[in-house]
Amino acid sequence: MTIPKWLPVILTLMAPFPALAQAAGPVPSLRIAVDKVKAPMSPRLYGLMTEEINFSYEGGLYGELLRNRSFKGEGGFAYVNEDPVYWSPVGGAAIALDGKVPLNKALDLSLRIDAGTASVEKPAGISNSGYWGIPVVPRTVYTAAFFARADGSAGPVTVALRGKDGTVLASATTPALTGQWQRFEVKLTSASQAPSKDNTFSLTTSTPGKIWVQQVSLFGPTYNNRKNGTRPDLMALMAGMKPTFLRLPGGNYLEGDTFAQRFDWKKTIGPTEERPGHRSPWNYWSTDGLGLMEYLQWCEDLKVDPVLAVFAGYALGGEHVSSPEELAPYVQDALDEIEYVTGDVHTEWGAKRARDGHPAPFALTYVEIGNEDFFDHAGTYDKRFSAFYKAIKARYPNLKLISTMPADATPSQAPDLVDEHTYAWGGTEMYDHVNDYDGRSRAGPKVFVGEWATHDGWPMPNMRAALADAAYLIGLERNSDLVVMSSYAPLLANVSQVGGDSRERSMQWAVNLIGYDALKAYGTPSYYVQKMFAENKGDLVLETAGRDIPQLTDSDGKTRPSLFWGATCETSTHHLKLKLVNRRGEAQPVRIALEGVQSMAKTGWLTELSSADPGAGNDIDAPERIVPKTTAISGLSRTFTRTLAAYSVTIVDVDAACGEAQRP
Ligand code: AHR
């Protein structure tokens, strides 16, 4: 998207808080036609969307703990390659980037450490303080690795994790270095100190001499113990959302500001030291340590399918190609990429995947062509989409292809699905989208809401946003015969430095689902809404109707409902799920009639997410201020009344025979 990167932040700050005019009135009643099926629920409705934004991978999900490990320069907007940013000399060493002693073509600079004054009493070398800190937790093994060579021989080299006051928390020493590049790997084991993040990593020698280093790396434990893997707590939070797919690798990150800065997948595979990395459109450097294979392993670890977005000949800055000749190499790249993901080991790219450690092909059903191509003011998407579509379908007829523009923008070729993005600003605008799909013709392509979010709260969504999110999701569930997939965006944000100099911020986009710093992570109220909905999805959407639905007049003068509801059935377990949103600041009694129910239990479960203060959210220091609570409920019958808490999202789960009568 070519809107300025700061715009969402500003809009979020400016968004008026809705003044909720309360309207007393009759008790609203909801009729749930337990035996009348409105639509099948899409099994893939809930998924994840990801890209490198807000230090999502670097300083986030990717397990690398050291910043600027390959010295490519990531000094904010300046992209200076003259200074070894984020590295400091220690013990009297002099350090500089050196283009004359490259490790290889990809990592074509090294860091020269002139440790002429080094001694046992005063070792000299370098230090790094990670991405806003380096986490050290008790009794944990860290793996440090680096390439190094010396002017003649030098070393040994000691790597250490040090606390804020310089205390060594863990250390290990390598053998001596030689005049040739060599890879060294050592394990550092922490003791029983309290978890901390204000730590540094140091690499020093006690022997005077010159040393060159490259790809200086530190990993802690990773999810499923994968080498070059991902951060366990973030993976666990994502797994908790019960996603069914991962849309990758973006977003704007797919496109880049220019063709040269696109996600050029072939440069993101193979040994990490052979990946040059690239500048991302969110203004920092990506090592591409989390490359295509790691995305696929991420899918494998979460047991989800990739929704693979392929670069489609358009970059954010407007650069584009559209003639068949100009498009040909990019179309071929997409075909090669699909072969890398799905081809058997006898294909060129399937064999490459096997050499990269994964002989088994990955499952792939959906391929998205480009991202937000409505920003292509040259109007070339029809030609581009059609070229990619024809070439991909010719080789892979079973793949479902997703367009990033409405179907009438691609008259030459109808897509299988269209990706629609819905960002709503302030706490009320999303309520104008809850009926977006109610009247949509079912004759066109299916819909993938590939990015959506309610923007309210700073820097992350608050309870008011979560209420609107829940109302929106009820609308998607109601139309789940048409809207078959959805994913909130952005997914991840490093919240270590959300303000100040924009070049140094850890977050480029306000309002994201999951926040973290170097040590801790948390889900926002919006995260918990997603989790609650995915856990209680059901497989059939039931017919419902409401009467005496209370209305609120919002600060923009518009009157909108204050109560939203939906009902689904999980047929295999006979569970009826009622989803209810009360966005009033008062408790709301609701009469519920379960029509056509043959048999039902008198007891059930109620899961509630609420906050007395709708402006409140979770944060690093209060990660569970607003979390869902599940309680047993009793006294259920064909008609019952429940009082919904102020500012609440509620799911009532009843053991009831539902849905079967009119299953489509
Ligand atoms: O989610 C952030 C950005 O919003 C995505 O990169 C882009 O696709 C959209 O405009």
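Computed from the coordinates by the stated procedures, all read-outs in this text should not be read as laboratory data. None of the values given here were measured: they were computed from a predicted structure. Heads up, the Cβs are rebuilt from the backbone with ideal geometry, glycines too, and the neighbour counts pull from every protein chain shown.
Could you sort the peptides 556-564, 257-265, 53-61 by per-residue average Cβ neighbour count (10 Å cutoff), highest mean leading? Display every interim value, and only then the final one.
On the way: 556-564: 16.4, 257-265: 19.1, 53-61: 26.3.
Descending mean neighbour count gives 53-61, 257-265, 556-564.
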Label point distance in nm, Asp198-Val101, each placed 7 Å from Cα along Cα→Cβ = 3.5 nm
In Å and whole numbers, how far do the C-alpha atoms of the stretch 568-664 stretch along each principal axis, longest first?
-> 48, 26, 26
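Just to confirm the filter: which trypsin sites (Lys or Arg not before Pro) across the stretch 423-461 are DSSP coil and have at most 14 other Cβ within 10 angstrom of their Cβ?
Working: sites: Arg440, Arg442, Lys446; in loops: Arg440, Arg442.
Loop-located and lightly packed - Arg440, Arg442.
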In nm, to one decimal, how far is the modelled label at Lys629 from the one at Lys227, with both set 7 Å along Cα→Cβ?
-> 4.8 nm
Just report the Cα centroid separation between the stretch 337-381 and the stretch 389-404, whole Å.
-> 11 Å
Stretched fully, the stretch from Asp613 through Ala191 gains (0.36 nm per residue minus C-alpha distance, one decimal, in nm) 147.8 nm
Which Cys residues of the chain have no other Cys beta carbon under 4.7 Å away?
-> Cys299
Report, to two decimal places, the Cα Rg of the chain normalised by 2.2 N^0.38 Å (N = number of residues).
-> 1.03
Given H placed on each backbone N at 1.01 Å, which residues far from Asp305 in sequence or on other chains put an amide H within less than 5 Å of it?
-> Phe245, Leu246
Pairwise centroid distance, computed over Cα atoms, of the stretch 517-556 with the stretch 160-225, Å = 45 Å
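Please state the relative contact order of the chain as a whole percent: Cα pairs under 8 Å, 6+ residues apart?
Values: 1750 pairs, mean separation 122.4, N = 664.
RCO, the chain: 18 percent.
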Quick one: check the C-alpha center-to-center distance for the stretch 272-296 versus the stretch 592-663, whole angstrom.
-> 43 Å
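On a full-extension model of 0.36 nm per residue, what is the gain between Phe374 and Asp556, subtracting their alpha-carbon distance, rounded to one decimal in nm? Kindly include the intermediate steps, with their values, before the conclusion.
Details: separation 182, 0.36 × 182 = 65.52 nm, distance 2.86 nm.
Residue separation times 0.36 nm, minus the Cα-Cα distance, leaves 62.7 nm.
Using a Förster distance of 60 angstrom, determine the FRET efficiency expected from the C-beta separation of Thr117 and Ala260, and round it to 0.05. Intermediate results must be reported in sequence, preceding the final value.
On the way: r = 42 Å, r/R0 = 0.69.
According to the calculation, E is roughly 0.90.
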May I ask for the angle, rounded to the nearest 10°, between helix 463-478 and the longest principal axis of the chain, with both axes built from Cα atoms and the value confined to 0 to 90°?
-> 60 degrees
Can you tell me which of 586-597, 494-505 comes out highest on packing, and rank the rest after it, using the mean Cβ neighbours within 10 Å?
-> 586-597, 494-505
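State the extension gain, in nm to one decimal, for the chain segment bounded by Lys520 and Arg183, taking 0.36 nm per residue of separation less the distance between their alpha-carbons. Spell out each step's value before the answer.
Numbers: separation 337, 0.36 × 337 = 121.32 nm, distance 3.10 nm.
Extra length from Lys520 to Arg183 when fully extended: 118.2 nm.
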Provide the per-residue ³J(HN,Hα) series for the stretch 393-403, in order, calculated from phi with Karplus coefficients 6.51, -1.76, 1.60 and θ = phi - 60°, each as a whole number of Hz, with x at glycine and proline positions.
-> 5, 4, 8, 10, x, 7, 6, 9, 10, 10, 9
For Val483, list long-range residues whose amide hydrogen, built 1.01 Å from N in the peptide plane, is under 5 Å from its own amide hydrogen.
-> Val447
For the stretch 207-307, what D do you get in µm² per second when you plug the Kirkwood radius from alpha-carbon pairs into Stokes-Einstein at 20 °C and 1.002 mPa s?
-> 141 µm²/s
Would you compute the Debye intensity of the stretch 506-578 from its alpha-carbon atoms alone, equal scatterers and no solvent, and pass along log10 I(q)/I(0) at q = 0.21 Å⁻¹ to two decimals?
-> -0.98
Evaluate the Kirkwood expression for the hydrodynamic radius of the stretch 74-219, namely the inverse of the mean inverse distance over all pairs of different C-alpha atoms, and round to one decimal in Å.
-> 15.5 Å
What list of ³J(HN,Hα) couplings, whole Hz, do you get for the stretch 511-517 from phi and the Karplus terms 6.51, -1.76, 1.60, once you set θ to phi - 60° and write x for glycine and proline?
-> 6, 9, 7, 10, x, 6, 10
In this structure, the FRET efficiency calculated for Lys164 and Asp108 from their beta-carbon separation, with R0 = 41 Å, to the nearest 0.05, is 0.75
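Would you mind checking the pairs Lys100/Lys210; Lys303/Lys602; Lys72/Lys210 and listing those with alpha carbons more than 24 angstrom apart?
Values: Lys100/Lys210 14 Å; Lys303/Lys602 36 Å; Lys72/Lys210 21 Å.
Where the Cα-Cα span goes over 24 Å, the pairs concerned are Lys303/Lys602.
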Between the modelled labels at Ala351 and Asp408 (7 Å from Cα along Cα→Cβ) the distance in nm is 5.0 nm
Return the sequence-ordered ³J(HN,Hα) values of the stretch 63-69 in whole Hz as given by the Karplus equation 6.51 cos²θ - 1.76 cosθ + 1.60 applied to θ = phi - 60°, using x for Gly and Pro.
-> x, 4, 9, 9, 8, 6, 5
